[in-house]
Amino acid sequence: MVTTLESVDVVTVGVGWTGGIIAAECAKEGLKVVGLERGRERGTEDFSMVHDEYRYAVRYELMQDLSKETITFRNNRKQRALPMRQLGSFLLGEGLGGAGTHWNGQTWRFLPYDFEIKTMTDKKYGANKLSADYTIQDWGITYDELEPYFDRFEKTVGISGEDKNPFWGKRSSDFPTPPMKKTAMLQRFENATSNLGYTPFMMPSANLSEAYENPDGQKINACQYCGFCERFGCEYGAKTSPEITVVPAAKETGNYEVRFNANVVEVIKEGDKVTGVRYYDTVTFEEFIQPANAVVLTSYVMNNAKLLMVSDIGQQYDPETGQGTLGKNYAYQILPGASGFFDEQMNTFMGAGALGMTIDDFNGDAFDHGDLDFIHGASISSTQTGSRPILSNPTPPGTPSWGADFKRASIENFTRIQGVGGQGASMPHKENFLTLDGTYKDIYGVPLLQLNYNFTDQDRALHSYITEKAEAIVKEMGAKTVAAGGGLTDYDIVPYQTTHNTGGTIMGADPDTSVVNNFLQHWDAENLFVIGAGNFAHNGGYNPTGTVGALAYRCAEGVIRYSREGGSLA
Amino acid sequence: MYIQNNQLFNREVHKMAGKDKNFSRRDFLKTSGIATGALIGGGIIGGLIGANTNKQDATTTAPGTSGETSGSTGAVRGLTFFKTTAEFEAISQATERIFPEDDLGPGAIGLGVPYFIDGQLAGSYGENSKEYMQGPFFVGEPTQGYQSRLKRNEIFRQGIQLMEQEAQSRFEAKFVDLEGEQMDEILTAFQENEIKMRGVESQFFFRLLRQATLEGAYADPIYGGNVNMDGWRMKGFPGHQLAYIKDIESEDFVEIDPKSVGMNHK
Ligand SMILES: Cc1cc2nc3c(=O)[nH]c(=O)nc-3n(C[C@H](O)[C@H](O)[C@H](O)COP(=O)(O)OP(=O)(O)OC[C@H]3O[C@@H](n4cnc5c(N)ncnc54)[C@H](O)[C@@H]3O)c2cc1C
Ligand code: SF4
């Protein structure tokens with residue numbers, strides 16, 4: 001039996017950054033908002049015993065319970081897709097705050113180049129720079145159009161940074177808080193990259209350098225550099241996350257309710273509109289329909305795509321014909337880099353999730369690609385995020401992986417290693433896409449999402465180019481031994497890489513080539529909005545959430561406008 | 001973010017060196033087991049001594065039955081997953097080969113790793129309670145990861161059985177009675193996927209065992225391993241500290257006495 005509840009103005013599926021931002025903005029405008037979150041309530045008070053690497057970083061305490069739902073994966077269509085049975089390559093969020101609770105806080109604006117990549121590449125390098133298999137396209141919005149929303153998100157978060165990067169887009173205002181502390185390790189990177197003629201700057205950080213009150217009146221504390229940040233919640237309320245900012249801001253209006261243990265399984269569509277969502281109470285397994293005037297999918301890249309697919313909204317992408325847009329342009333990231341082994345010990349165990357310095361000299365189109373067989377690039381950084389002993393066992397090349405020599409080398413080098421790593425852009429390819437799996441189901445009986453993904457020649461060329469740059473920087477840093485990462489082989493879903501999945505519900509200017517318009521409003525249902533890195537038409541050389549946050553503010557404006565005026569916003 | 005050090009994870013096969021001067025199990029008993037016995041409590045030391053040097057004692061010192069308390073906390077150490085001393089001793093020796101005692105400090109046994117693993121296998125780790133375990137099951141590509149229908153604790157149990165079988169067929173002895181190099185030969189065979197396991201590949205078992213050994217050596221002592229925080233001490237890791245804001249800009253390496261997350265809550 002399904003119980004139909006009282007209708008609300010706006011329902012969001014999931015309460016992470018995107019769901020929280022929609023809630024705060026819409027509730028402040030007087031709209032009644034319900035957030036349906038499959039996970040549990042949690043907050044700063046739950047993190048007083050969080051400095052436990054095994055529980056949080058190794059056993060994934062705060063992340064998605066795969067026994068209930070996962071995805072399936074194969075490298076190509078010749079393989080049989082099989083379930084991702086344990087977490088690895090990326091760590092999906094679950095519970096209040098979503099992945100925003102346990103993120104690092106490295107907060108970037110994608111480059112002006114990213115939003116108009118197709119136009120700019122064609123103009124500068126000709127239309128055949130990449131083969132037609134690479135389905136790059138413009139995003140249907142420019143950096144300048146998005147700038148006010150970047151500004152808004154950064155002020156909500158209180159980003160700590162410095163406007164010293166010559167390669168990023170123009171900012172309408174400086175960072176809300178000054179950069180984090182520049183440690184000895186960061187200075188070493190700064191000196192080396194300066195010597196090589198590059199322009200290092202402090203990474204923009206959501207671990208705040210000082211206490212801050214945001215425009216909503218929410219207070220964020222100063223980071224204590226505790227070293228348990230990435231994969232952990234912050235016990236100080238110093239890592240800006242949805243549950244300490246936008247969620248309480250929404251609640252204070254009296255117009256917002258978060259319903260926990262509510263797993264959405266379908267978006268209900270009638271004609272050219274949606275009427276609400278169907279969900280299970282995960283405790284009792286009762287089924288409910290939550291009607292709403294507007295439905296906003298904020299359930300991360302994977303489930304945003306899956307919910308559209310199982311609800312039969314939009315046309316599924318078919319790699320055979322190139323037809324359809326839903327599931328198209330899934331992209332990821334590559335991680336070229338090099339490590340340096342030093343004689344002297346460093347305080348590697350201290351740090352914060354977004355404590356680092358970066359150069360953008362090889363990101364975007366900052367360098368000429370005329371003689372190169374790839375486009376785009378990578379941000380190159382050295383970070384001090386807090387090394388922990390279970391997952392950090394660095395050994396120089398040639399060391400066995402267990403036994404006496406391994407023990408000695410991994411202990412010796414735990415405090416003697418510093419890495420330089422790139423986050424390389426990822427161009428969409430016609431064979432990299434999302435669809436529904438035909439075999440495996442979640443515990444609600446809904447098909448799993450199927451990921452078809454492998455690295456491409458573009459990835460390999462970019463990877464080796466950036467690896468060389470990173471290696472040269474580590475040498476300049478004076479490392480005793482320099483170990484460059486090996487070449488890219490096949491994408492492997494086992495080792496952790498990044499939770500920077502993108503695409504599948506891409507935005508654009510044309511319903512034939514995108515799923516949502518540039519207010520993230522669905523082309524086929526005007527009261528349905530879809531937000532997340534799934535909107536990215538390709539993945540850039542940075543972490544995604546700064547751009548996701550900007551898009552969420554833009555979308556919130558769209559939802560509010562739609563609620564008043566109706567119709568397509570495109 | 002990403003963990004850069006993963007790239008450094010050396011996948012090279014551990015070379016069997018005949019002249020490898022790894023200490024043998026007997027040396028362990030002489031040099032570390034008894035000397036650090038106070039840290040270890042009832043189970044393993046009793047069991048090891050029983051099995052190796054003093055057969056008459058074996059039945060009276062089986063792990064989990066001695067009820068001996070360790071340290072000042074009054075905690076009792078025993079087995080919650082393994083059912084026989086033999087299984088427990090075999091896994092103990094295997095972890096010690098992976099993470100041996102040396103001049104830097106204790107090895108896996110001295111750190112309580114076998115107890116850590118025993119406890120984990122009895123709980124949600126061993127039962128795969130957060131993993132997707134619905135069928136159908138197929139052998140996949142290595143890039144597709146864990147595809148076994150077996151739970152981790154079933155894989156360990158089978159793996160230990162096969163370690164014993166290999167010890168018998170190769171050396172006509174129990175695994176625990178082998179010399180260190182002989183144990184290494186068997187572990188390397190698992191690592192190189194040369195041992196036929198049912199429902200899972202032996203390299204996967206080895207990877208689990210290696211990883212669990214490191215987890216036991218370095219997890220907070222609240223999980224029963226990393227005894228006396230000696231894993232952290234060796235590595236220069238201070239465990240749970242409230243804040244580093246005062247030291248973060250230091251030019252020099254800062255040595256800090258480690259603390260457990262459990263110390264907050266006494
Ligand atoms: C370890 C780690 C480090 C990271 N570091 C950074 C970083 O430094 N910089 C950066 O930019 N990004 C980083 N990220 C990525 C960042 O966390 C995400 O981009 C961001 O949090 C995504 O926000 P979201 O709202 O789109 O999704 P999420 O935060 O994933 O929220 C989605 C929510 O929806 C819920 N949900 C899903 N399906 C359903 C359903 N069917 N029904 C009901 N609820 C559902 C989930 O439980 C979840 O709470 C990191 C991620 C991880 C895991
Ligand atoms: S490093 Fe800073 S922001 Fe991160 S968890 Fe620790 S105190 Fe919080």
On a 1.4 Å probe surface of the protein chains, which of A:273, A:328, A:164 comes out largest in accessible area, and what is the full order? A:164, A:273, A:328
Report, by chain and number, residues whose modeled amide H sits under 5 Å from the one on residue A:269, excluding near sequence neighbours (fewer than 5 apart, same chain). A:275
With the convex hull built on the alpha-carbon atoms of segment A:209-328, volume per residue in Å³ sits at 187
Kirkwood hydrodynamic radius over Cα pairs of segment A:150-262, then Stokes diffusion coefficient at 20 °C and 1.002 mPa s, in µm²/s: 135
Okay, helix-only estimate at 222 nm for chain A: each DSSP H run of n ≥ 4 adds -39500 (n - 2.57), divide by all residues, round to 500 deg cm²/dmol; what do you get? -6500 deg cm²/dmol
Once amide hydrogens are built 1.01 Å from N within the peptide plane, the residues lying 5 or more places from residue A:354 or on another chain with amide H under 5 Å from its amide H are A:207
Give the Rg (one decimal place) followed by the Dmax (whole number) of segment B:174-244, computed from C-alpha coordinates and expressed in Å. 16.3, 49
For segment A:357-477, with +1 on Lys and Arg beta carbons and -1 on Asp and Glu, the positive-most of A:473, A:445, A:425 along the dipole: A:445
Relative contact order, percent, of segment A:419-564 when contacts are C-alpha pairs under 8 Å separated by at least 6 residues? 23
Residues whose modelled amide H sits under 5 Å from the amide H of residue A:448, counting only those 5 or more places away in sequence or on another chain, are A:437, A:440, A:441, A:442
How far is helix A:457-476 tilted, in degrees, relative to the longest principal axis of the Cα atoms in chain A, given as a value from 0 to 90 rounded to the nearest 10? 40
Give the share of C-alpha pairs in each 10 angstrom bin for segment B:115-174, from 0 to the last occupied bin, in whole percents, shortest bins first. 20, 36, 31, 12
Within the P(r) computed for segment A:379-474, what percentage of the Cα pairs occupies the region above 24 Å? 53
Could you tell me which of the pairs A:155/A:328; A:68/A:441; A:68/A:269; A:68/A:306; B:151/B:196; B:130/B:151 are separated by over 21 angstrom between their Cα atoms in the structure shown? A:155/A:328; A:68/A:269
Share of Cα-Cα pairs in the protein assembly as shown lying beyond 51 Å, as whole percent: 15
Enter the mean number of other protein chain beta carbons within 10 Å of the beta carbon of each residue in B:210-217, as an integer. 4
Helix A:300-310: angle to the longest alpha-carbon principal axis of chain A, degrees 0 to 90, nearest 10? 40
Just flag the trypsin sites (Lys or Arg not before Pro) in segment B:183-212 sitting in loop per DSSP whose Cβ has no more than 14 other Cβ atoms within 10 Å. B:196, B:198
Report the B-A buried area as the accessible area lost on both sides summed, probe 1.4 Å, in Å² to the nearest 100. 7800
Mean separation of Cα contacts under 8 Å, 6 or more apart, over the residue count of segment B:77-171: relative contact order %: 26
The size of the Cβ-based charge dipole (Lys, Arg +1; Asp, Glu -1) of the protein assembly as shown about the Cα centre, to the nearest 20 debye, is 1220
If you take the Cα Rg of segment A:1-116 and divide it by 2.2 N^0.38 Å, with N the number of residues, what do you get? 1.35
With every protein chain left in place, what is the accessible area per residue of the protein assembly as shown in square angstrom, probe 1.4 Å? 35
Could you please state how large a percent of the accessible area of the protein assembly as shown is carbon and sulfur, counting protein chains only and using a 1.4 Å probe? 47
Whole-Hz couplings from phi, Karplus 6.51/-1.76/1.60, listed for segment B:247-253; x for Gly and Pro: 9, 4, 9, 4, 7, 9, 5
Can you tell me which lysines have their Cα less than 20 Å from the Cα of residue A:469? Leave out same-chain residues fewer than eight positions away. A:480
Where does helix A:184-195 land angle-wise versus the long Cα axis of chain A, in degrees 0 to 90, nearest 10? 80
Under 1.5 on a/c is rounded, so check that first for segment B:140-266, then, if it is not, pick prolate when a/b is larger than b/c and oblate when it is not; a ≥ b ≥ c are the square roots of the alpha carbon gyration tensor eigenvalues. prolate
Using only alpha carbon pairs under 8 Å that are at least six residues apart, calculate the relative contact order of chain A and give it in whole percent. 23
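The values are calculated or read from the model by the stated rules, or taken from the named source; none is laboratory data. These figures come from a predicted structure and were not determined experimentally. Positions of Cβ are backbone-derived with ideal geometry, glycine not excepted, and every protein chain shown enters the neighbour counts. Calculation scope for accessible area: heavy atoms of the full protein, side chains included, ligands and nucleic acids excluded. Shrake-Rupley method; radii C 1.70, N 1.55, O 1.52, S 1.80 Å.
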